[in-house]
Amino acid sequence: MFSTRFLRPAACVAAVLALAAQIPAGAQDAWPSKTITYVVPYPPGGTTDIVGRLIAQRLGAILPGTVIIDNKPGATGAIGSAFVARSAPDGYTILGTSIGPQAIVPNLVPKLTYDPVKSFQPVALVGTVPHVAVVAGSSSYRSLGELIADARKRPGQLVFASGGNGTILQMQGELLKMQARIDMLHVPYKGDIPALQDVLAGHATMMFAPIAAALPHIQSGKLKALAVTSKERLKPLPAVPTMAEAGVPDFVAEQWQAVYLPAGTPDAITRRLSTEVKRILAEPAVTAKLEGLGITPVAGGPQELAEIQKADTLKWGKVIKEAGIKAE
C-alpha cells in the first residue's frame with residue numbers, strides 16, 4: 001500500500017496530486033447525484049413560476065435524479081435570491097428568477113443581503129417577456145389614449161396596480177407616468193396574481209400584466225388589452241397595438257427570465273447546466289409553449305445574461321432616480 005507518512009510536505013502534496021490524476025474523470029463529474037432544488041423567488045402561478053416549472057420538468061427528465069421547485073416569495077424576489085446566494089456552490093440549488101431581484105431591486109435597496117452580480121454565477125438567459133396594459137373588461141376605456149386623457153383630467157385619481165414595489169410592473173407604470181406626463185396612484189400587491197385580480201374586479205384602474213397571466217382573461221373578455229410593451233405586436237395578441245402605436249413613443253420595456261447558480265459553482269457544472277437549459281429551450285414543444293405565453297425564447301449564455309443584467313440595472317436605476325421612487 002502506498003503511504004505518504006514518511007514524505008516531506010512538498011513531496012506529500014505531489015503524491016496526493018499524482019493519485020488524484022489517476023482518479024477517473026467520471027468520478028469528478030458526478031453532478032448531479034442527488035435532488036436539485038430549483039428556487040423560484042415568487043408565488044406559484046406567475047410567469048417566473050410557470051417558466052421555472054417548465055424548465056425544471058425537462059431538466060428532471062434529462063439529468064439523473066430529481067429537480068424540485070421551491071417557491072420562496074417575498075420582498076420582490078429578494079428573499080429567494082438571498083437564499084440561493086447563501087447556498088452551497090455545488091450545483092444543487094438553482095435560481096430561476098427575473099429582472100426584478102437582479103436589476104431593479106438593487107437600485108431601491110442599497111443594503112441587500114446579497115450582491116446581484118457578485119453573489120451569483122450567470123447560467124442562461126431564458127427569454128424576454130413583454131407585458132400588456134390591461135383594464136377590466138367592464139371598463140369604459142377603449143384605448144390607452146382614452147385612459148391617458150382621463151388621467152390628465154383627474155391627476156392622482158386613477159390607480160395602477162403592480163405585483164409589488166420594485167417589480168418590472170411598477171417600473172412600467174412609472175415610465176408611463178413620466179412619458180405621458182400623467183399622475184396615477186401606485187398600489188403594490190403581494191404578487192402579480194393578486195394585483196390582476198383587483199384589476200379584474202375593477203378595484204384598480206389598470207396594470208401592466210405579464211402575458212401569461214393576462215392572456216386567458218383577455219381571451220374571455222374579462223380584461224381589455226390596451227397596448228403591449230414590446231417593440232412589435234405579439235403573436236398571441238395580433239390586434240393589440242404596441243405602446244408606440246398607442247401614442248407613447250420610445251416605450252419598449254420587457255421583463256426577462258434567467259437562470260443563475262451561487263457564485264463559486266464549478267465552471268464544469270455551470271457549463272453543463274447552461275448547455276442543458278439552452279437545449280431545452282430549443283425543443284419545438286418548449287418553444288411553442290413559451291411563445292404561447294408571450295415569451296420570446298432567447299437561450300442566451302452566461303455572457304449574454306450578464307450584459308442584459310448590466311444594461312437594465314442602469315436603465316431602471318435612471319427611472320427610479322428621476323421618478324423619486326423609494327423602497328417601502
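The values are calculated or read from the model by the stated rules, or taken from the named source; none is laboratory data. Only a predicted model underlies this, so the values are computations on that prediction, with no experimental measurement involved. Every residue, glycine as well, gets a Cβ built from its backbone with ideal geometry; the counts of neighbours run over all protein chains shown.
General observations
- Scanning segment 45-90 for residues that are surrounded by fewer than 23 Cβ atoms within 10 Å (Cβ to Cβ), in contact with a strand residue (DSSP E or B) (Cβ under 8 Å, 6 or more places away or on another chain) and on the phi > 0 side of the Ramachandran plot yields a single hit, G65.
- Test for A244: is it aliphatic (A, V, I, L, M), on the phi < 0 side of the Ramachandran plot, modelled with pLDDT of 95 or more and touching a Pro at 6+ places or on another chain (Cβ under 6 Å): no
- The residue that is surrounded by the most Cβ atoms within 10 Å (Cβ to Cβ), counting only those in segment 262-283 that are in a loop (DSSP other than H, G, I, E, B) and either touching an Asp or Glu at 6+ places or on another chain (Cβ under 9 Å) or touching a residue at least 24 places away in the same chain (Cβ under 8 Å) (or both), is T265.
- For D312: the one exception among (1) acidic (D, E); (2) assigned to a loop (DSSP other than H, G, I, E, B); (3) surrounded by 18 or more Cβ atoms within 10 Å (Cβ to Cβ): (2)
- Only one of the numbered conditions (1) touching a strand residue (DSSP E or B) at 6+ places or on another chain (Cβ under 7 Å); (2) in a loop (DSSP other than H, G, I, E, B) is not met by Q255, and that is (2).
- Checking the stated criteria, I280 turns out not to satisfy the condition of being in contact with a Gly (Cβ under 7 Å, 6 or more places away or on another chain) and either assigned by TED's automatic domain parsing to the domain that holds L95 or closer than 19 Å to Q102 by Cα (or both).
- One residue from V259, V286, V298 being out of contact with any Phe, Trp or Tyr (no Cβ under 6 Å at 6 or more places or on another chain), closer than 25 Å to L108 by Cβ and surrounded by 15 or more Cβ atoms within 10 Å (Cβ to Cβ): V259
- Residues in segment 212-248 that are among the small types (G, A, S), out of contact with any helix residue (DSSP H, G or I) (no Cβ under 6 Å at 6 or more places or on another chain), in a loop (DSSP other than H, G, I, E, B) and crowded, with 17+ Cβ neighbours inside 10 Å: S230 alone.
- Test: residue in segment 15-25 that is modelled with pLDDT of 95 or more, surrounded by fewer than 19 Cβ atoms within 10 Å (Cβ to Cβ) and part of a helix (DSSP H, G or I): no
- Residue in segment 139-158 that is in contact with a Leu (Cβ under 7 Å, 6 or more places away or on another chain) and at pLDDT below 95 present: no
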